[in-house]
Amino acid sequence: MEQFLLSLLRHIAYNFPQLSLVAEDCGQLETQEDNYPVTFPCVLVGNTDISWTDLDEQGSSQRGTATITVRLAIDCYDDVHIGSTQESSIANRYRLATDLHNSLQSLEFDNLPNIYPLTRQRSRDYTLPGNIKIYESLYTFLISD
């Protein structure tokens, strides 16, 4: 799994140089501090969950259905109400979220033949204190062991 996570993080960092940070999600956005320990915009990837099934009677070979969460976090300090002359910020945020999804949907890893392509299962957006907008997507993929 560590090779998968590293490959996914590298893919995002390479394809989105405008991000200030691409990292494993270790709860950086769930802080009680006044300042977040990340810079924006950033992508945090984590919360992997895998359900395994045996492929043989001995249990020596398994296939898993895995989920992983990808969170794009953007500082929305700009005044983005209609008439503020900053309306393009809204469109730019959604474009970045869409571009990120398009780069991940059906993503295959040539160096990891036991990982099958990613498929988005769910997405949502929400805000955190301090005008931080989160675009979150949950992806599933199969993994064989």
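Worth a mention:
- Looking across the stretch 30-40, just one residue is open to solvent by 30 Å² or more (accessible area, probe 1.4 Å) and either of a type in the set (A, V, I, L, M, F, W, C) or under 12 Å from the mean Cα position of the chain (by Cα) (or both), and that is 40.
- Any hit, the stretch 42-55, residues being farther than 22 Å from residue 4 by Cβ and of a type in the set (Asp, Glu): no
- Within the stretch 107-125, residues that are of a type outside the set (Gly, Ala, Ser) have Cβ atoms under 6 Å from residues that are open to solvent by 100 Å² or more (accessible area, probe 1.4 Å) in these pairs: 117/108, counting only partners at least 6 apart in sequence or on another chain.
- Output for the stretch 41-57, where each listed residue is closer than 18 Å to residue 69 by Cβ, in contact (Cβ under 8 Å) with a residue 24 or more places away in the chain and over 13 Å from the mean Cα position of the chain (by Cα): 50
- Taken over the stretch 7-29, the residue count meeting the criterion of being acidic (Asp, Glu) and either open to solvent by 100 Å² or more (accessible area, probe 1.4 Å) or in contact with a helix residue (DSSP H, G or I) (Cβ under 8 Å, 6 or more places away or on another chain) (or both) is 1.
- Among the residues of the stretch 120-145, those identified as closer than 30 Å to residue 60 by Cα and either part of a strand (DSSP E or B) or of a type outside the set (Asp, Glu) (or both) are 120, 121, 138, 139, 140, 141, 142, 143, 144.
- Some residue of the stretch 98-106 being assigned to a loop (DSSP other than H, G, I, E, B) and either touching a Phe, Trp or Tyr at 6+ places or on another chain (Cβ under 6 Å) or touching a residue at least 40 places away in the same chain (Cβ under 8 Å) (or both): no
- Condition check for residue 111: part of a helix (DSSP H, G or I) and open to solvent by 50 Å² or more (accessible area, probe 1.4 Å): no
- Residues in the stretch 81-97 that are among the polar types (S, T, N, Q) and either modelled with pLDDT of 95 or more or part of a helix (DSSP H, G or I) (or both): 3 in all.
- Scanning the stretch 41-80 for residues that are charged (D, E, K, R), part of a loop (DSSP other than H, G, I, E, B) and at pLDDT 95 or above yields nothing.
The values are calculated or read from the model by the stated rules, or taken from the named source; none is laboratory data. Since the structure is predicted, the reported quantities are computational estimates derived from the model, not experimental observations. As a convention, Cβ positions derive from the backbone with ideal geometry for all residues, glycine included, and neighbour counts pool all protein chains shown. Side chains included, ligands, DNA and RNA excluded: accessible areas come from the protein's heavy atoms. Shrake-Rupley method; radii C 1.70, N 1.55, O 1.52, S 1.80 Å.
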